[in-house]
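Since the structure comes first, as structure tokens, the remarks are kept for the end.
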Amino acid sequence: MFTMLILSILIKTAQAVFPEPRVDNPFVGTTSYLNPDYVGQVKKQATQTAGSLGEEMAQVTTYPTAVWMDRIGAITGTSADGTKIAMSLREHLDTALAQKLPGKPITFLMVVYNLPNRDCHALASNGEIPHGGIERYKTEYIGPMAEIFSDPKYADIRIVAVIEPDSLPNLVTNLSTPACAKAKSSGEYVEGVQYALNKLHQISNVYTYVDLGHSGWLGWDSSFGPTVTLIADTIKGTQAGVNTVDGFVSNTSGSTPVVEPFVKEFTGSPIRSADFYDWNPYVDEVSYMSAMYDAFVAEGLPSRIGMLVDTSRNGWGGPNRPTVASTSTEVNTFVDESRIDRRPHRGGWCNQIGMGIGERPVVEPYEHFDAFVWIKPPGESDGVSEADIVDPDDPAKGFDGMCDPNATNRDNPQYSTNAMAGAPHAGRWFAEQFRVLVENAYPPLSPGQL
Ligand code: BGC
């Protein structure tokens with residue numbers, strides 16, 4: 001008995017003093033953090049919704065979603081005027097420790113999202129730090145977060161950090177937008193990403209994944225190569241070089257499917273020649289990220305890197321989902337009748353009509369994929385649908401025409417934006433969208449008591 005006691009004290013001490021060494025895939029053999037702020041929001045709507053739909057909504061509380069550190073105030077959980085509005089980063093991590101099962105690691109998925117001049121090609125998620133504010137980013141944002149992550153009390157939490165969605169991809173395709181041209185010429189995005197990677201990689205229980213947009217954005221041959229070059233060079237410029245990152249992530253907050261099951265077999269014109277693909281060879285995230293894996297390994301990154309895909313909103317279920325491939329022999333008709341992605345145009349990104357919750361979070365779904373994860377919490381808006389509404393907690397958030405249900409797609413005016421009406425600011429709860437996401441979930445969510 002006494003020996004057992006001594007042994008267990010010794011094991012506990014060893015665990016505290018020697019945190020586990022960095023692992024290849026942080027998602028293997030873990031449980032995952034459930035964010036009580038998010039769960040609370042979902043529960044509230046589920047309780048107010050009668051019948052089986054309410055039960056399906058309640059199922060969503062069982063899946064992990066990312067915590068977005070989208071402002072300096074998110075670290076302390078306070079609004080611009082200092083009022084406490086959400087859990088602080090320490091409260092999240094303390095709760096993760098409380099949720100952790102003995103002897104089993106827990107993953108804490110979070111998003112680093114606060115670069116100066118953020119969201120340079122759009123207005124919906126403009127950030128609080130203007131162009132030129134790289135020192136603030138380093139000292140008031142990354143520095144304090146890294147300090148918290150380094151607290152030995154959190155050494156048993158595997159912190160998975162998604163690094164700055166959309167930032168480097170915007171430097172590949174959107175340089176004709178003046179804000180993106182500035183982000184490029186000043187070097188602030190690259191410097192910020194490198195700083196974040198340097199700081200976070202030093203902490204052995206923090207795992208970093210760099211954003212790669214999605215197949216419908218960067219899949220074209222003319223963008224794919226430059227994306228790989230820019231991002232590989234950025235990584236090589238960090239202190240630990242190619243060893244800095246644990247992998248890459250695609251489709252953050254997106255709705256591009258992991259797999260398009262019915263569009264691949266077609267004789268006649270190539271699939272990529274259809275208007276919907278516009279010569280982009282990648283129709284889905286699995287083919288795109290598999291090719292990205294090969295490209296980054298060819299650039300000298302270690303073969304242990306793994307890919308993540310955000311599957312929180314790319315399910316495309318519901319009544320409009322095709323169940324078989326079209327029999328049409330005309331490529332456009334074939335693609336339009338076969339594709340599960342029901343957007344009029346693949347560039348639509350704001351509160352897309354018809355999208356549903358996608359694959360549930362899963363570990364190693366395909367070779368070289370570390371996990372499918374839910375990064376965008378289903379039910380949180382992508383951007384406000386009307387002008388002249390200010391978010392008091394985050395006044396930098398703007399109105400982007402791509403979120404206007406009555407406008408046309410900015411870059412492709414022959415298509416509609418496909419945005420839902422009645423949307424609040426980015427990150428705010430959008431009850432109607434949550435309802436549709438649950439109804440259109442694929443695989444469907446099944447009603448039942450929890
Ligand atoms: C918003 C963030 C929010 C995140 C998750 C982003 O589009 O800008 O404020 O936390 O989405 O909903």
(request) May I ask you to give the percent of accessible area on the chain that is carbon plus sulfur, with a probe radius of 1.4 Å? (result) 56
(request) Sort the following peptides by mean Cβ neighbour count (other Cβ atoms within 10 Å, averaged over residues), highest first: 160-168, 323-331, 116-124. (result) 160-168, 116-124, 323-331
(request) Let me know the shape class of segment 38-122, please: from the alpha-carbon gyration tensor, a ≥ b ≥ c as square roots of the eigenvalues, rounded when a/c is under 1.5, otherwise prolate if a/b is greater than b/c, or oblate. (result) oblate
(message) Which three extents, in angstrom, do the Cα atoms of segment 358-444 have along their principal axes, listed largest first?
(response) 45, 35, 26
(message) Could you work out the percent of alpha carbon pairs in segment 37-192 separated by over 19 Å, rounded to a whole number?
(response) 62
(request) Return the distance in nm (one decimal) between the two label points of a simple spin-label model at residue 290 and residue 151, each offset 7 Å from Cα along Cα→Cβ. (result) 4.3
(request) Once you have all Cα-Cα distances for segment 181-241, histogram them in 10 Å bins from zero and send the whole-percent values. (result) 20, 47, 29, 5
(message) Once you compute Rg and the Kirkwood Rh from C-alpha atoms, what is the Rg to Rh ratio for segment 139-208?
(response) 1.08
(request) Please work out the FRET efficiency for the pair residue 185 and residue 50, using the Cβ-Cβ distance as r and a Förster radius of 60 Å; give the result to the nearest 0.05. (result) 0.60
(request) Run through every distinct alpha carbon pair of the chain and return the Kirkwood hydrodynamic radius in angstroms, one decimal place. (result) 22.6
(message) How compact is segment 294-450 by the rule of thumb for globular proteins, expressed as Cα Rg over 2.2 N^0.38 Å?
(response) 1.20
(request) Normalise the Debye intensity by I(0) for segment 208-261, one equal point scatterer per Cα, no solvent, then take log10 at q = 0.14 Å⁻¹ and round to two decimals. (result) -0.43
(request) Quickly rank 237-243, 80-86 as a protection proxy: mean count of other C-beta atoms within 10 Å, highest first. (result) 237-243, 80-86
(request) Assign unit charges at the C-beta atoms only (+1 for Lys and Arg, -1 for Asp and Glu), then state the dipole size of segment 262-390 relative to its Cα centre in Debye, rounded to the nearest 20. (result) 220
(message) Give the lysines whose C-alpha is closer than 24 Å to that of residue 43, dropping any in the same chain fewer than 8 places away, or say none.
(response) 84, 100, 376
(request) Can you tell me the dipole magnitude for the chain around its Cα centre, using point charges on the Cβ only (Lys, Arg +1; Asp, Glu -1), in Debye to the nearest 20? (result) 900
(message) Among the complete DSSP H segments of the chain, which ones combine at least 20 Å of alpha-carbon extent along their axis with a mean Kyte-Doolittle hydropathy of 1.0 or more?
(response) 2-17
(request) Starting from the alpha-carbon convex hull of segment 191-325, give the projected area averaged over all orientations, in nm². (result) 9.5
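The values are calculated or read from the model by the stated rules, or taken from the named source; none is laboratory data. None of the values given here were measured: they were computed from a predicted structure. Methodologically, a virtual Cβ is constructed for each residue, glycine included, from the backbone with ideal geometry; neighbour enumeration extends over all protein chains shown. Keep in mind that these areas ignore ligands, DNA and RNA; they rest on the heavy atoms of the full protein, side chains included. Shrake-Rupley method; radii C 1.70, N 1.55, O 1.52, S 1.80 Å.
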